[in-house]
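S.K.: This is the structure, below, for whatever I ask next.
The values are calculated or read from the model by the stated rules, or taken from the named source; none is laboratory data. As the structure is a computational prediction, the values presented were derived from the model and not from experiment. Note that we place each Cβ from the backbone using ideal geometry, even for glycine, and neighbour counts take in every protein chain shown.
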Amino acid sequence: MGWLYRNIVRPGLFSWDSEEIHDHTLNGLGWISRHEVLREMVADFFESPSLPVSLWGLQFPNPVGVAAGMDKRAAAAPIWPSLGFGFSELGGVTRHLQPGNPGPRMFRAIPDQALINRMGFNNPGCMELARTLIDWRQKGLWPRHPVGINLGKSKITPLEEAAEDYGTSFGELWHLADFFVVNVSSPNTPNLRQLQDKSALQDILLHLQKINADLAAKTQNATKPRPILVKVAPDLSLEALDDIVELTSPCSLSGLVATNTTLNRPATPDPDLQRIYDETGGLSGLPLRSRSTEVIRHLWRQTQGRLPIIGVGGIFSAEDAWEKITAGASLIQIYSGLVYEGPGLSRSIVSGLQDKLRAHGLKTIQEAVGINSDSAKAIPLPQFV
């Protein structure tokens, strides 16, 4: 299936503008989502074998998830389990509807299997996303795996009002998701990464946890508060990463997502590729793989394995996923790999992880988490240009 996609399907898809084909694909998957027979046909081809992970009181059918940005509008929310994913992270969503940055704003660096985007949190806003999710639920089409929501800051909201902005989205969507990811690391909203500063991030997280506790207390049978994670940038220094780790206890942080896209670029002698890399925006894909793994490894060490990590960045194979998991990731997510490798990737990764566990004499993914966290003694900043 992978060969067929890479050699027959992908060349045709890549003849389209990157964002245009993304939107067409999501609309098509949304249409399939509404038809049980079609969903079952997709599952026959792409559903992954069982490789369960238990985390935050949630049961994940397997550790491979859809990364934020793939389905910002929840347009195809019901289809992701049929495509083999153990969870999905929808969004990023902001308090206010926003169109994002002017196009073109997504680019393929095909020789390096990378993507550059400067989307700018284009999304329908938290109220519209809530309506979409409610509609899926009322139609009995809710995904049969944990669903997370990625929260961003509205571009029009000043930094000093960020906590309220995130809080409004969180409150509107709280009852519609299993966990939330606070995105303060996207490079495509002006000054957003300033919110990774320890003091600013603490204000946001404490505000969200207050809402979290209040809503949990008001629900029938006093539902537990939702897990709240923070997504970090790969370009942060060790000291900045450690500052975020220090918020774990005072802010009741449930985990970290490592990492977002990078502003750095790999060196290349190819002038055509260099023109792509000259585009502004965040870089994802294979060039990010090593750095994201090293960030995961550092965070695992600093937390002594007590804080769950979702690993994302340059995962194109079971080998890449195993590298992230053994460095310290309890779950992993894919985005660029799905674009380049096609819809069979999740199934391929899960099957490959099963082989890895057998080869190492392990029974569960949890047993593999962090077993290679000491394989490197230093974590250099990326040697990009």
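S.K.: Can you run down the residue pairs with Cβ atoms below 6 Å, 6 or more apart or on separate chains, where the first is in segment 346-357 and more than 11 Å from Ser48 (Cα to Cα) and the partner is of a type outside the set (A, V, I, L, M) and crowded, with 21+ Cβ neighbours inside 10 Å?
M.R.: From residues that are more than 11 Å from Ser48 (Cα to Cα), the pairs are Lys356/Trp322.
S.K.: Mind listing just one residue for me: the one in segment 206-236 that is surrounded by 18 or more Cβ atoms within 10 Å (Cβ to Cβ) and basic (Lys, Arg) and, of those, farthest from Pro187 (Cα to Cα)?
M.R.: Top of the filtered list is Arg226.
S.K.: Which pairs do you get when a residue that is part of a loop (DSSP other than H, G, I, E, B), found in segment 124-143, comes within reach of a residue that is surrounded by fewer than 16 Cβ atoms within 10 Å (Cβ to Cβ), reach meaning Cβ atoms under 9 angstrom, with the pair 6+ apart or on two chains?
M.R.: Pro124/Leu97; Pro124/Arg131; Gly125/Leu97; Lys139/Arg34; Leu141/Arg34; Leu141/Glu36; Leu141/Asp135
S.K.: Next up: So, Pro102, is that one in a loop (DSSP other than H, G, I, E, B) and either under 30 Å from Gln274 (Cβ atoms) or among the aliphatic types (A, V, I, L, M) (or both) or not? Spell out the reasoning first.
M.R.: On the way: in a loop (DSSP other than H, G, I, E, B): yes; either under 30 Å from Gln274 (Cβ atoms) or among the aliphatic types (A, V, I, L, M) (or both): yes.
So Pro102 passes the test.
Matching residues to (1) within 30 Å of Ile276 (Cβ to Cβ); (2) surrounded by 15 or more Cβ atoms within 10 Å (Cβ to Cβ); (3) in contact (Cβ under 8 Å) with a residue 60 or more places away in the chain; (4) not acidic (Asp, Glu):
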residue: His22; (1), (2), (3), (4): yes, yes, yes, yes
residue: Leu26; (1), (2), (3), (4): yes, yes, no, yes
residue: Val37; (1), (2), (3), (4): no, no, no, yes
residue: Ala43; (1), (2), (3), (4): no, yes, no, yes
residue: Glu47; (1), (2), (3), (4): no, yes, yes, no
residue: Leu55; (1), (2), (3), (4): no, yes, yes, yes
residue: Ser88; (1), (2), (3), (4): yes, yes, yes, yes
residue: Gly91; (1), (2), (3), (4): yes, yes, yes, yes
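S.K.: To continue, here is another question. When you scan segment 256-264, do you find a residue that is within 21 Å of Phe87 (Cβ to Cβ), surrounded by fewer than 20 Cβ atoms within 10 Å (Cβ to Cβ), within 23 Å of the chain's Cα centre (by Cα) and not aliphatic (A, V, I, L, M), even just one? Working first, answer last.
M.R.: So in segment 256-264, the residues within 21 Å of Phe87 (Cβ to Cβ) come out as 256-261.
Still in the list and also surrounded by fewer than 20 Cβ atoms within 10 Å (Cβ to Cβ): none.
No - not one qualifying residue is present in segment 256-264.
S.K.: Given the structure, is Ala321 among the small types (Gly, Ala, Ser) and outside any loop (DSSP other than H, G, I, E, B)? I'd like the intermediate steps shown before the answer.
M.R.: On the way: among the small types (Gly, Ala, Ser): yes; outside any loop (DSSP other than H, G, I, E, B): yes.
So Ala321 passes the test.
S.K.: Kindly indicate the residue of segment 151-173 that is hydrophobic (A, V, I, L, M, F, W, C) and outside any strand (DSSP E or B) and also surrounded by the most Cβ atoms within 10 Å (Cβ to Cβ) among those meeting that condition. Steps first, answer last, please.
M.R.: Step one: list which residues in segment 151-173 are hydrophobic (A, V, I, L, M, F, W, C), which gives 151, 156, 159, 162-163, 170, 173.
Adding the requirement that they be outside any strand (DSSP E or B) leaves 156, 159, 162-163, 170, 173.
On the way: Ile156: 11, Leu159: 15, Ala162: 22, Ala163: 22, Phe170: 25, Leu173: 21.
The extreme case among them is Phe170.
S.K.: Would you confirm whether any residue within segment 339-355 is among the aromatic types (Phe, Trp, Tyr) and in contact with a helix residue (DSSP H, G or I) (Cβ under 7 Å, 6 or more places away or on another chain)? Give the derivation first.
M.R.: Residues of segment 339-355 that are among the aromatic types (Phe, Trp, Tyr), as a first pass: 340.
Now narrow it down to the ones that are in contact with a helix residue (DSSP H, G or I) (Cβ under 7 Å, 6 or more places away or on another chain): none.
The answer is no, given that none of the residues of segment 339-355 is among the aromatic types (Phe, Trp, Tyr) and in contact with a helix residue (DSSP H, G or I) (Cβ under 7 Å, 6 or more places away or on another chain).
S.K.: So, one more: Mind checking whether some residue in segment 237-246 is surrounded by fewer than 22 Cβ atoms within 10 Å (Cβ to Cβ) and closer than 28 Å to Leu176 by Cα?
M.R.: Looking for residues that are surrounded by fewer than 22 Cβ atoms within 10 Å (Cβ to Cβ) and closer than 28 Å to Leu176 by Cα, one finds at least one in segment 237-246, hence yes.
S.K.: Being touching a residue at least 40 places away in the same chain (Cβ under 8 Å) and within 21 Å of Ser290 (Cβ to Cβ) is the filter here; which residues of segment 233-244 pass it?
M.R.: Applying the first criterion (touching a residue at least 40 places away in the same chain (Cβ under 8 Å)) to segment 233-244 yields 233-238, 240-244.
Result: Ala233, Pro234, Asp235, Leu236, Ser237, Leu238, Ala240, Leu241, Asp242, Ile244.
S.K.: Which numbered condition in (1) of a type outside the set (Gly, Ala, Ser); (2) farther than 18 Å from Trp56 by Cβ; (3) modelled with pLDDT under 95 is the only one that Thr223 fails?
M.R.: Every condition holds for Thr223 apart from (2).
S.K.: Looking for something within 17 Å of Leu331 (Cα to Cα) and assigned to a helix (DSSP H, G or I) - is there at least one such residue anywhere in segment 269-289?
M.R.: Checking segment 269-289: at least one residue is within 17 Å of Leu331 (Cα to Cα) and assigned to a helix (DSSP H, G or I).
S.K.: What residue, of Gly314, Gly305, is assigned to a loop (DSSP other than H, G, I, E, B), surrounded by fewer than 23 Cβ atoms within 10 Å (Cβ to Cβ) and either among the aliphatic types (A, V, I, L, M) or on the phi > 0 side of the Ramachandran plot (or both)?
M.R.: Working: Gly314 fails: surrounded by fewer than 23 Cβ atoms within 10 Å (Cβ to Cβ).
Just a single option satisfies the conditions, and that option is Gly305.
S.K.: Any residue at all in segment 344-358 that is acidic (Asp, Glu) and either farther than 28 Å from Asp44 by Cα or surrounded by 20 or more Cβ atoms within 10 Å (Cβ to Cβ) (or both)?
M.R.: Narrowing segment 344-358 to residues acidic (Asp, Glu): 355.
Those left that are additionally either farther than 28 Å from Asp44 by Cα or surrounded by 20 or more Cβ atoms within 10 Å (Cβ to Cβ) (or both): none.
No, that holds for no residue.
S.K.: When residues of segment 174-192 are filtered for being out of contact with any strand residue (DSSP E or B) (no Cβ under 6 Å at 6 or more places or on another chain) and either surrounded by fewer than 20 Cβ atoms within 10 Å (Cβ to Cβ) or within 28 Å of Lys224 (Cα to Cα) (or both), how many remain?
M.R.: So the answer is 6.
S.K.: OK, next. Of everything in segment 170-209, what is touching a residue at least 60 places away in the same chain (Cβ under 8 Å), under 26 Å from Ile116 (Cβ atoms) and either among the acidic types (Asp, Glu) or touching a Ser or Thr at 6+ places or on another chain (Cβ under 7 Å) (or both)? Give them in sequence order.
M.R.: Answer for segment 170-209, where residues must be touching a residue at least 60 places away in the same chain (Cβ under 8 Å), under 26 Å from Ile116 (Cβ atoms) and either among the acidic types (Asp, Glu) or touching a Ser or Thr at 6+ places or on another chain (Cβ under 7 Å) (or both): just Pro187.
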